[in-house]
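Accompanying notes for the structure given below.
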Amino acid sequence: MGLNLELEISLDDVRLMLRDRFEQGFTREIHTATCTGCERRYNATIDVSEIWLNHIGDLIVEGRCMNCQTPISKYLETSNHQSAYDQAMAIRELHIQVLKDYNARPAGG
Ligand SMILES: [Zn+2]
């Protein structure tokens, strides 16, 4: 299994990663997206459909603009906090090595 795969994770996984920074590091981020459809800058909200965890512990959130349905993806640099990075690696290991029930895709997919 390639080590640089992106892994689909759940909102619960994100909560586990960010803990007391969940509101700041995730909820706030999905409400401050930029949409090319309705041209909202930093105030579009993403209706999240998929969350991907990459091999360096950052998140790629994908979904659609709540306002105009244009597809939006946003890159969240969650790995710059050591605790979130450690938890991200634990989640990757758990899904890949133990549970084996994960969706993966090549980086940049
Ligand atoms: Zn929009």
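Would you say S83 is exposed (fewer than 14 other Cβ atoms within 10 Å of the Cβ), touching a residue at least 12 places away in the same chain (Cβ under 8 Å) and closer than 15 Å to D13 by Cβ? In short, yes.
Within the stretch 22-78, restricting attention to residues that are small (G, A, S) and under 17 Å from E8 (Cβ atoms), the residue that is nearest to the ligand (Cβ to nearest atom) is G63. Keeping to the stretch 58-74, report how many residues are within 23 Å of L94 (Cβ to Cβ) and either loosely packed, with under 15 Cβ neighbours inside 10 Å or at pLDDT below 95 (or both). Counting residues in the stretch 58-74 that are within 23 Å of L94 (Cβ to Cβ) and either loosely packed, with under 15 Cβ neighbours inside 10 Å or at pLDDT below 95 (or both) gives 0. The number of residues in the stretch 51-89 being under 18 Å from F22 (Cβ atoms) and either among the hydroxyl-bearing types (S, T, Y) or assigned to a strand (DSSP E or B) (or both) comes to 14.
Quick check: is even one residue across the stretch 26-39 closer than 23 Å to R105 by Cβ and touching an Asp or Glu at 6+ places or on another chain (Cβ under 8 Å)? No: zero hits. Inclusion of Y102 among residues that are without any contact (Cβ under 8 Å) to a residue 24 or more places away in the chain and either within 16 Å of the ligand (Cβ to nearest atom) or in a loop (DSSP other than H, G, I, E, B) (or both) is not warranted. If the condition is being loosely packed, with under 12 Cβ neighbours inside 10 Å and either hydroxyl-bearing (S, T, Y) or not in a helix (DSSP H, G or I) (or both), then the stretch 1-26 contributes M1, G2, L3, N4, S10. So, A44, is that one surrounded by 12 or more Cβ atoms within 10 Å (Cβ to Cβ), touching a Ser or Thr at 6+ places or on another chain (Cβ under 7 Å) and at pLDDT below 95 or not? Against the criterion (surrounded by 12 or more Cβ atoms within 10 Å (Cβ to Cβ), touching a Ser or Thr at 6+ places or on another chain (Cβ under 7 Å) and at pLDDT below 95), A44 does not qualify.
The values are calculated or read from the model by the stated rules, or taken from the named source; none is laboratory data. From a predicted model like this one, the values you see are computed outputs, not experimental measurements. Cβ: placed from backbone, ideal geometry, glycine included. Neighbour counts: every protein chain shown.
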